[in-house]
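Below you'll find the structure, written out as structure tokens, and then a few comments.
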Amino acid sequence: MDGIAGPNNLKQAMKTRNPYCLLLLFSSLLCSTGCGPSAPKDREAAKAKVLREIGVSSEPAQPAENPMALKAPEQREDQSKDANAVAGTQSLRTANPQPKKKVSTDDPSANWITADKLPRELWEVQYLGNAQVGFSYKKTAVAEALGSNYFRHELDSRIRVSVKSTPLEQRIQIMSIELANGELKEIEGSLEIGTSKRTFKGIVNREKLKLTTEENGRRTEKELEWKKIYRGPFAVEQSMLRKPMEEGELRLLKYFDPLQGQLIDGELDAKKYIPTPTMLDGSQDLLEVRSIGRIGEGSSQSLLWVDNNGEGLKSFVQGNDILSFRSRPIVGQIFKTCSDLRAVPSLSIPIIGDIEKITGNFSDAESMTYRIRHKTEETYPMFTDKIGQNVKTVENKIANITVFRNAKELDPILGTNSTKNLAYLANSDFVPKDLPAIQKLGKGLIAADKALSNDSSTSDNAKACQRAIRKGVKLKDYDIQIRPIQLVLKSRNGNCVEHATLLAAVCRSLGIPSRIAIGVKFNGSKETPAMQFHTWVEILDGLRWVPMDSSQEDFSGALDRVKFRDSDFNAANPYLELLEVYKLLPGLDIEVRPL
């Protein structure tokens, strides 16, 4: 999944005059124009479409004309208390003069949250156009070892970026220790883009912030003047929650950006409440706030949408076209798991041994044996030996696995009346057997197959569905994502996981218990023979589990694959089950054994 374009390296990223914007209203780090998106031909049209959908003008946000440099909060304390005078001298100038703003400064003395409301966990997902490109997770909890008035903040933000057309992952991790009012005590974290990494660590002591950074083995140290009223990287979120903003309010604050290693002059410009689509409870009346962060002449801007309690539900960075939504935990967890999946270096394992045996015609063979070694893990617990394959340990990290053509072994746990069979007939998000389109498809495929009769077996009916789906849904390269079945049917193509979930859903709609097998499959190449990550279906015909694979032509038996595990795929996040197998693949060596 291609995402936003990132800087060529960390040095460029950190030196850009348009800084990374740590406007963490939704507990995510929003990039500034320093990591702008790629520019395909239809980019402007797509951008305008997104802006229209979220109710924002297609004209980019512009810095104020001759903007007045923001003063630190303590420098403003001696200014006149007259709100009109302050508004008249510090409001942003624009070509079209706006009504005077009610100018306020963030109150650093008040607590933004109390310990009894912790832990606080927030998930967010990011989109570029219609594509999910990132997620963020933030947790705030009491730092028990330090006392009830000390809070620990943790942020993990990952976004897929494109550097010179090469997809990479940008990951930001931040941990800070703060008082209940947001006063910063310690901070550490890292920025990673691909294989490049920069770390930072800071501690506040005697009105100084001592900051240490390290990149490519080079260590640098510096000190910043620090006032107690300065805040850490989560200042915007905390300010909103400490005191929700009013329509027409202009709020000023100053906070630390650890990626730039600089203090930010922040400005929150509240507009008005407008109906706004969200991912939580549909459309809501939310306050639109323009957030600007400045370092010297550089600035970054974003739009924020918050409810009347100050909770941020949505944001949009106009320089990068990144649209972020507060989400339910499961949505963020799914995207996090996908990011973990992408981090696995390889899903292909070269194989050696009697390759001719697996590349040739083995239609008469009833079994195939593979010797599998793992560099670090014991092999026996990795593989199931309930159905279709026999696992024999040679050494702790070596096993011989014999696979049988049609699940020769009977499952000792399941029987025709097993209550667990209900899980293999269930309707779920990823195997939606009750979907009208699936119900119609299943009945239609059976009715259209002239080779079937009233006496046809469960396997015959399932094979008819397998053949029809293979003919009607083209196999596409595996790309981690599991799309909704409606999109698979509409596009008439799917990867191996999508093929498996579609076939399982159709079989379940016909009353055939079905599950997803997760493992590796021979790639069919004599030149570069390898086993690759793969999924397929097993259906229960009486007491026998029979393999089915609609992604393969003329599939008649499972001798070219090894199964790690199987799943009903009814969990809210089945990606976790894929991840368990993914993690094992880079350490494997596979050999085809002689008969």
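Residues in segment 472-487 include none that are among the basic types (Lys, Arg) and part of a helix (DSSP H, G or I). Taking the criterion of being out of contact with any strand residue (DSSP E or B) (no Cβ under 8 Å at 6 or more places or on another chain), closer than 29 Å to residue 101 by Cα and not charged (D, E, K, R), the only residue of segment 209-266 that qualifies is 241.
Restricting attention to segment 530-558, the residues being part of a loop (DSSP other than H, G, I, E, B) and closer than 23 Å to residue 474 by Cα number 10.
When the residues of segment 191-202 are narrowed to those that are within 12 Å of residue 258 (Cβ to Cβ) and either of a type outside the set (Gly, Ala, Ser) or outside the structural domain of residue 223 (by TED's automatic domain parsing) (or both), which ends up surrounded by the fewest Cβ atoms within 10 Å (Cβ to Cβ)? So that I can check it myself, show each step before the final result.
Narrowing segment 191-202 to residues within 12 Å of residue 258 (Cβ to Cβ): 191, 198-202.
Checking which are either of a type outside the set (Gly, Ala, Ser) or outside the structural domain of residue 223 (by TED's automatic domain parsing) (or both) leaves us with 191, 198-201.
On the way: 191: 24, 198: 20, 199: 15, 200: 20, 201: 17.
So the residue we want is 199.
Looking for something touching a residue at least 40 places away in the same chain (Cβ under 8 Å), on the phi < 0 side of the Ramachandran plot, of a type in the set (Gly, Ala, Ser) and in the same structural domain as residue 187 (by TED's automatic domain parsing) - is there at least one such residue anywhere in segment 234-242? Scanning segment 234-242 turns up at least one residue that is touching a residue at least 40 places away in the same chain (Cβ under 8 Å), on the phi < 0 side of the Ramachandran plot, of a type in the set (Gly, Ala, Ser) and in the same structural domain as residue 187 (by TED's automatic domain parsing). Applying the condition of being among the small types (Gly, Ala, Ser) and more than 18 Å from residue 539 (Cβ to Cβ) to segment 420-466 and asking which residue is surrounded by the most Cβ atoms within 10 Å (Cβ to Cβ) yields 437.
Out of 280, 303, I need the residue that is in a strand (DSSP E or B), in contact with a Phe, Trp or Tyr (Cβ under 9 Å, 6 or more places away or on another chain) and either of a type in the set (A, V, I, L, M, F, W, C) or within 30 Å of residue 574 (Cα to Cα) (or both). Which one? Break it down stepwise before answering.
Values: 280 fails: in a strand (DSSP E or B).
Exactly one residue qualifies, and that residue is 303.
Taking (1) crowded, with 21+ Cβ neighbours inside 10 Å; (2) part of a loop (DSSP other than H, G, I, E, B); (3) in contact with a Ser or Thr (Cβ under 7 Å, 6 or more places away or on another chain) in turn, residue 526 satisfies each apart from (1).
Every condition in (1) outside the structural domain of residue 291 (by TED's automatic domain parsing); (2) out of contact with any Pro (no Cβ under 9 Å at 6 or more places or on another chain) is met by residue 353 except one, and the failing one is (2). Do any residues in segment 167-190 that are outside the structural domain of residue 231 (by TED's automatic domain parsing) and within 18 Å of residue 224 (Cα to Cα) have Cβ atoms under 7 Å from those of residues that are of a type in the set (Gly, Ala, Ser) and assigned to a loop (DSSP other than H, G, I, E, B), where the two are at least six apart or on different chains, and which pairs are they? From segment 167-190, no pairs qualify. Within segment 486-501, the set of residues being closer than 15 Å to residue 569 by Cα and buried (at least 24 other Cβ atoms within 10 Å of the Cβ) comprises 497, 498, 499, 500, 501.
The C-beta contact set for segment 378-394 (first residue among the small types (Gly, Ala, Ser), second residue surrounded by 15 or more Cβ atoms within 10 Å (Cβ to Cβ), distance under 6 angstrom, 6+ apart or interchain) comprises 388/404; 388/407.
The values are calculated or read from the model by the stated rules, or taken from the named source; none is laboratory data. As the structure is a prediction and not an experimental result, all values here were calculated from the model. Virtual Cβ from ideal backbone geometry, glycine too; neighbours counted across all protein chains shown.
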